[in-house]
Amino acid sequence: MHVVVLGAGVVGTTSAYYLLQNGHQVTVIDRQPKAAQETSFANGGQISACHALPWANPETPWQSLKWLGREDAPLLFRLRFDPQLFAWALRFLRNCGPDRTRENIEKSLRLAIYSRTCIKDLRAKLGLEYDSLSKGILHICHQDSEMEKVVKTARTMQEFGLDRRVVSAGECLAIEPAVAHSRHPVIGGSFSPDDESGDAQKFTLALAQRCADMGATFLYDTQINGLVRNGTSIDYVQTSNGAVRGDKYLVCMGSYSPFLTNPLGIKLPIYPCKGYSITINTTGFEEGAPTVSLIDDSVKMVYSRLGHRLRAAGTAELDGYSLRMSARRQQLIADKAFELFPHCGKRSEIEYWSGLRPVTPDSAPVLGTTRYGNLYLNTGHGTLGWTMSCGSGKAIADVMSDRTPEISLDGLQVDRF
């Protein structure tokens, strides 16, 4: 059959690949001139099952109140009249209880662990080069209170099948010697040896080329204006270059997915959450930059070595669809990166970026069927789009091919909201 994939980020491109593998004709539509030019462009670089702790958890409401109005807060609500944000926030609060948090950890980990296996298999099969490192992810702590939270979360994730080990300060230094230069001593943390890192944009561009070589059609520089229905099916996609018809349609448009589905009566509770990243040139500073990917939860930041670059990413800003960058928040990320790794590169050569993460109230993606027989969803991955891309792409390709996915999709369908 002919499948039309809407969106050429890492999620849409991996979905296209697995649909091709299942024997289908595939057309991918994106408004950008090539793949991976928006949220997949310069993210944190982590394939991090260990980072599957939902934003909605018992501590978040109190932390959010403490951070309210602070420009340097890890999570910043920009106060505005925004009915979409208000409705999303109410659902978010309902997911902050301990029972819901545990359920949401389980379903996110289920998909993240599966996806991690998928990307390892895909890399081995295709030989893709994207500055990948298979050295695990180190989660570091600077205070006893942080350590207590990490130990608790690690134990919960171990119950659900993740190899996440609590480690001492000495073990942290042995895993990543560069943290010895931190201006705030590391007292311990956890280590997830099977997690990875790599450049999501490089991966997506390379995979898009493989898809094109396999016969996929990519319609770039093409604005997606809407889905036109005919009864209980989608008839065609209306674009800036005319109608595009297929047998089935797959929405992989991240934060912009609700603009397509809401007019069809499918109310996706996805809200754009702006994240920032910086990229530091490590040439000549190799010893001072880490080679193991890290998470520093005290400032909600992640670090990944991508060849001769260090990517530092973090903060969450709820500000609608604005991509404007706060100079204060740019400075915050740079300051924290150089506090942890004082000798990782030159501050004068930093590249700044921001992108919109598509966040759901329970921090899990929306994956599966809809009320329309030929319309499917693979969207809302939040901060874990790179982590979950291959697993969700393979699972939805199986669903669309009338095959049983290799993992359960319970709790991920749109009807959970």
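Given the conditions (1) touching a residue at least 24 places away in the same chain (Cβ under 8 Å); (2) open to solvent by less than 60 Å² (accessible area, probe 1.4 Å); (3) farther than 20 Å from V302 by Cα, and given that H142 satisfies all but one, which numbered condition is not satisfied?
All conditions pass for H142, except number (3).
Where in the range 169-240 are the strands (runs of 3 or more DSSP E), entirely inside, with at least 1 residues that are under 19 Å from D297 (Cα atoms)?
Hits in the range 169-240: 188-192.
Touching a helix residue (DSSP H, G or I) at 6+ places or on another chain (Cβ under 8 Å), over 27 Å from P185 (Cβ atoms) and surrounded by 20 or more Cβ atoms within 10 Å (Cβ to Cβ): is that true of P272 in this structure?
Answer is yes for this residue.
Of the residues that make up the range 37-45, is at least one touching a residue at least 12 places away in the same chain (Cβ under 8 Å) and in a strand (DSSP E or B)?
For the range 37-45, residues touching a residue at least 12 places away in the same chain (Cβ under 8 Å) and in a strand (DSSP E or B): absent.
Could you list, in sequence order, all residues of the range 287-344 that are more than 30 Å from L79 (Cα to Cα), part of a helix (DSSP H, G or I) and among the small types (G, A, S)?
The one that is more than 30 Å from L79 (Cα to Cα), part of a helix (DSSP H, G or I) and among the small types (G, A, S): G288.
So which residues in the range 81-130 are within 22 Å of the chain's Cα centre (by Cα) and part of a loop (DSSP other than H, G, I, E, B)?
Residues satisfying the conditions are N95, C96, L128, E129, Y130.
Within the set of pairs 6 or more residues apart or between chains, which connect a residue that is open to solvent by 60 Å² or more (accessible area, probe 1.4 Å) inside the range 73-86 to a residue that is part of a loop (DSSP other than H, G, I, E, B) and acidic (D, E) with Cβ atoms less than 9 Å apart?
none
When you look at Y256, is it part of a strand (DSSP E or B) and touching a Phe, Trp or Tyr at 6+ places or on another chain (Cβ under 9 Å), yes or no?
no
Select from the range 145-185 the residues that are in contact (Cβ under 8 Å) with a residue 60 or more places away in the chain and open to solvent by 70 Å² or more (accessible area, probe 1.4 Å) and write down the one among them that is farthest from F338 (Cα to Cα).
K149
Being under 27 Å from N281 (Cβ atoms) and in a helix (DSSP H, G or I) is the filter; apply it to the range 345-383 and report the residue that is nearest to the chain's Cα centre (by Cα).
Among those residues, the one meeting the criterion is T383.
The values are calculated or read from the model by the stated rules, or taken from the named source; none is laboratory data. Only a predicted model underlies this, so the values are computations on that prediction, with no experimental measurement involved. Here the Cβ is made from the backbone with ideal geometry for all residues, glycine too, and neighbour counts use every protein chain on show. In case anyone asks, the SASA skips ligands and DNA or RNA and just uses the protein heavy atoms, side chains included. Shrake-Rupley method; radii C 1.70, N 1.55, O 1.52, S 1.80 Å.
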